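Notes follow once the structure below has been shown.
The values are calculated or read from the model by the stated rules, or taken from the named source; none is laboratory data. None of the values given here were measured: they were computed from a predicted structure. Note that we place each Cβ from the backbone using ideal geometry, even for glycine, and neighbour counts take in every protein chain shown. Calculation scope for accessible area: heavy atoms of the full protein, side chains included, ligands and nucleic acids excluded. Shrake-Rupley method; radii C 1.70, N 1.55, O 1.52, S 1.80 Å.
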Amino acid sequence: MSSFVLRYFPAHSRAETIKAILSYTETDYKYETPEWPQQKCEQPAGKLPVLVEILPDSSEYVLSDSLAIESYLVDKFKLSVTGDSQIIARQLEIRYQIKDMFEA
C-alpha cells in the first residue's frame with residue numbers, strides 16, 4: 001500500500017481539495033511545509049502543492065499542480081463519475097469554481 005506526503009505552504013488554499021480527497025478516502029498522509037524560498041528549487045517546476053506517493057517498492061511518484069494531483073487521486077481512489085456527460089460536466093464545473101475562488 002502506498003503512503004503519501006503532501007507539500008504546501010502553511011495556508012488554506014490550493015491544497016485544500018487535495019486534503020479533502022485524502023481525508024474522504026481515509027488515507028494517511030504526512031504534511032510538509034518546505035522552507036520558502038530556500039527549497040523552491042527542490043520542488044517540481046519550483047511550485048507547490050506537491051504530492052509524493054511512496055509506492056510499496058519504496059519508489060516515489062512525484063506530482064505537482066493542484067488540478068493534476070486532484071485528478072490523479074480521484075482516479076486512483078475511483079471517485080470520478082462515469083457514464084453521464086451531464087454529471088461529469090457538473091463535477092468539473094464544481095471543481096473549476098473552486099479553482100476560480102482561489103484565483104479571484
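For the reader, a short list of remarks on this structure follows.
- Search result, residues across the stretch 4-18 that are of a type outside the set (Phe, Trp, Tyr) and open to solvent by 50 Å² or more (accessible area, probe 1.4 Å): Arg7, Pro10, His12, Arg14, Glu16
- Residue in the stretch 83-104 that is in contact with a strand residue (DSSP E or B) (Cβ under 9 Å, 6 or more places away or on another chain) and not aliphatic (A, V, I, L, M) present: no
- Subset of the stretch 78-88 [farther than 18 Å from Thr17 by Cβ and either small (Gly, Ala, Ser) or open to solvent by less than 80 Å² (accessible area, probe 1.4 Å) (or both)]: Gly83, Asp84, Ser85
- First in the stretch 1-18 and on the phi < 0 side of the Ramachandran plot and in contact (Cβ under 8 Å) with a residue 24 or more places away in the chain, second anywhere and assigned to a loop (DSSP other than H, G, I, E, B) and surrounded by fewer than 13 Cβ atoms within 10 Å (Cβ to Cβ), Cβ under 6 Å, 6 or more apart: Ser2/Leu55
- Among the residues of the stretch 19-43, those identified as without any contact (Cβ under 8 Å) to a residue 40 or more places away in the chain and surrounded by 14 or more Cβ atoms within 10 Å (Cβ to Cβ) are Lys19, Tyr29, Pro34, Gln39, Gln43.
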